[in-house]
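Written below as structure tokens is the structure these notes are about.
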Amino acid sequence: MSEIFAVAGTPSVQRCESCGATWPELDASATCRSCDGLLAIVQPTPTAHGAALLQRFGSRCCTHPGSEASGVWRFAELVMPTATSHVTHPEGNTPLLRRTAVQTYAGVAELWLKHEGQNPTGSFKDRGMTVAVTQAARVGARAVACASTGNTSASLASYAAHAGIPALVLVPRGQVAMGKLTQSLAYGARTLLVDGSFDDCLRLVREASAELGVYLVNSVNPWRIEGQKTIVFELLQQRGWQAPDWIALPAGNLGNTSAFGKALREAHALGLIDRVPRLLAVQAAGAAPFATAFADDFATHPTVKPETIATAIRIGDPASWDRAIRAIRETNGAVASVTDDEILDAKAVIDAAGVGCEPASAASVAGVRKLRAAGVIAPDATVVAVLTGHVLKDPGALIEYHQQRDPAPSRANRPVEIGATLAEVARVLSAPAH
Ligand SMILES: *Cc1c(COP(=O)(O)O)cnc(C)c1O
């Protein structure tokens with residue numbers, strides 16, 4: 001033990017693996033100062049051993065093997081109470097982050113980022129998919145299928161593989177971000193690139209499921225909505241069941257907006273929260289039929305030919321229209337639209353804070369900033385903005401923004417090409433970053 005650990009109660013040390021010299025834990029040298037050997041950290045002996053140490057670790061987290069480790073199935077009573085086994089990775093348990101730079105950018109007193117991009121396949125879609133594929137297994141489906149702007153298919157492909165059920169995904173050709181399409185292929189789904197829009201894919205897969213007896217898991221699938229409710233339950237739990245003033249989320253097909261409305265309705269009815277936060281659904285300006293209708297108090301139901309860099313919300317005829325209206329009305333909510341430039345600017349701030357998200361996700365923060373500036377959100381408000389997907393989902397958008405766009409956007413981080421000399425490294429280090 002004494003060779004592996006240092007004396008209890010002392011700081012960690014850095015020990016050279018070549019000569020055995022030890023250096024203080026805060027020594028910044030990358031290798032041994034006397035012989036240039038590699039350094040390894042030696043920790044102090046823990047004050048608890050064996051079962052006592054295990055108990056200490058166990059008491060710090062709520063994760064047990066199996067379903068209880070899931071941030072979805074933790075709320076099983078409100079998701080799918082009768083299921084006795086679950087198709088789970090697990091998923092959920094995503095962090096609630098506070099970053100000063102993003103909060104200042106949004107302009108509100110308290111901004112929290114619920115990072116759903118930290119789910120197993122990199123988006124919140126996993127929360128609905130664990131439930132929908134559990135249901136597919138329960139009903140003995142011979143195959144599962146979905147239409148998708150990318151993240152649903154990536155998630156379905158993964159959960160179907162886990163369950164051992166064949167998966168079929170339909171995506172609009174040329175309109176799916178690289179990270180998402182490659183995930184579907186990697187996880188082994190039959191992937192159809194449809195010459196049409198997302199709305200065409202949805203129509204086709206609906207027809208196919210009716211004709212071919214395939215279990216459909218697109219966003220109108222009610223079990224997916226049940227799973228997605230747990231984003232709200234979990235963020236409320238993380239806040240000690242203190243409701244924020246607003247919850248902001250990007251809105252495409254409106255499944256998530258509907259799920260959030262249902263979650264808040266149920267949480268309030270059960271007395272889990274004593275007031276209902278206001279929902280802010282944010283659309284991309286080029287795909288904003290719901291925002292247009294909201295401005296008209298939902299008197300109209302427009303559809304559009306969608307166009308936006310935020311491919312996850314590039315939807316012109318949202319499927320969950322009516323239940324999303326209910327979610328906005330019941331929460332005294334709002335619907336906003338933001339331009340692609342506003343989305344990319346907010347994304348650059350979120351990314352540069354070390355958090356990172358895909359373009360659609362940044363619409364939530366862009367929307368908070370916009371409605372704060374318009375006076376709809378008060379300056380002293382507490383807001384939770386949901387980041388729906390991971391920064392690596394859309395590497396193409398990042399390359400275009402940081403390396404290719406001409407002129408460079410003000411927040412672009414252009415890489416610097418240099419010759420292989422120390423002098424050039426030194427020159428770059430002493431120059432201002434942008
Ligand atoms: C699916 C998705 C959305 C939109 O959610 P809807 O339920 O379709 O409104 C937003 N962002 C990301 C990253 C998504 O994958």
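Within the stretch 39-63, being aliphatic (A, V, I, L, M) and not in a loop (DSSP other than H, G, I, E, B) holds for LEU39, ALA40, ILE41, VAL42, ALA51, ALA52, LEU53, LEU54.
Here is a yes/no grid of residues against (1) modelled with pLDDT of 95 or more; (2) surrounded by fewer than 22 Cβ atoms within 10 Å (Cβ to Cβ):
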site	(1), (2)
ALA186	yes, yes
ASN218	no, no
ILE231	yes, no
GLN237	no, yes
GLY240	no, yes
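Of all residues in the stretch 224-251, those that are over 19 Å from ALA324 (Cβ atoms) and polar (S, T, N, Q) have Cβ atoms under 9 Å from Cβ atoms of residues that are assigned to a helix (DSSP H, G or I) and more than 16 Å from the ligand (Cβ to nearest atom), 6 or more apart or on another chain, in GLN237/ARG74; GLN237/PHE75; GLN242/LEU236.
Within the stretch 64-105, which residues are under 18 Å from THR388 (Cα atoms) and part of a helix (DSSP H, G or I)? Scanning the stretch 64-105 gives VAL102, GLN103. Scanning the stretch 258-293 for residues that are in contact with an Asp or Glu (Cβ under 8 Å, 6 or more places away or on another chain), part of a loop (DSSP other than H, G, I, E, B) and surrounded by 21 or more Cβ atoms within 10 Å (Cβ to Cβ) gives a single hit, PRO277.
Here ALA154 passes the criteria (1) without any contact (Cβ under 8 Å) to a residue 60 or more places away in the chain; (2) surrounded by fewer than 23 Cβ atoms within 10 Å (Cβ to Cβ); (3) part of a helix (DSSP H, G or I); (4) within 16 Å of the ligand (Cβ to nearest atom) except the one numbered (2). Of all residues in the stretch 399-424 being in contact (Cβ under 8 Å) with a residue 12 or more places away in the chain and not in a loop (DSSP other than H, G, I, E, B), which is nearest to the ligand (Cβ to nearest atom)? Taking the candidates together, the pick is TYR401.
Could you list all residues from the stretch 316-328 that are touching a residue at least 12 places away in the same chain (Cβ under 8 Å) and out of contact with any Asp or Glu (no Cβ under 7 Å at 6 or more places or on another chain)? If the condition is that a residue be touching a residue at least 12 places away in the same chain (Cβ under 8 Å) and out of contact with any Asp or Glu (no Cβ under 7 Å at 6 or more places or on another chain), then PRO318, ALA319, SER320, TRP321, ARG323, ALA324, ILE325, ARG326, ALA327, ILE328 are the ones that fit. Selection of the stretch 258-272 for residues being out of contact with any Phe, Trp or Tyr (no Cβ under 6 Å at 6 or more places or on another chain) and more than 14 Å from the ligand (Cβ to nearest atom) yields LEU264, ARG265, GLU266, ALA267, HIS268, ALA269, LEU270, GLY271. Restricting the stretch 106-131 to residues that are in a loop (DSSP other than H, G, I, E, B) and away from the ligand (no atom under 16 Å from the Cβ) leaves a set whose member that is surrounded by the most Cβ atoms within 10 Å (Cβ to Cβ) is VAL108.
I want to confirm something. Restricting to the stretch 411-434 and keeping residues that are surrounded by 10 or more Cβ atoms within 10 Å (Cβ to Cβ) and either closer than 28 Å to ASP341 by Cβ or of a type in the set (Ser, Thr, Tyr) (or both), which single residue is farthest from the chain's Cα centre (by Cα)? Applying the filter and picking the extreme gives VAL416.
The values are calculated or read from the model by the stated rules, or taken from the named source; none is laboratory data. Predicted, not measured: the structure shown is a model, and the values here were computed from it. Heads up, the Cβs are rebuilt from the backbone with ideal geometry, glycines too, and the neighbour counts pull from every protein chain shown.
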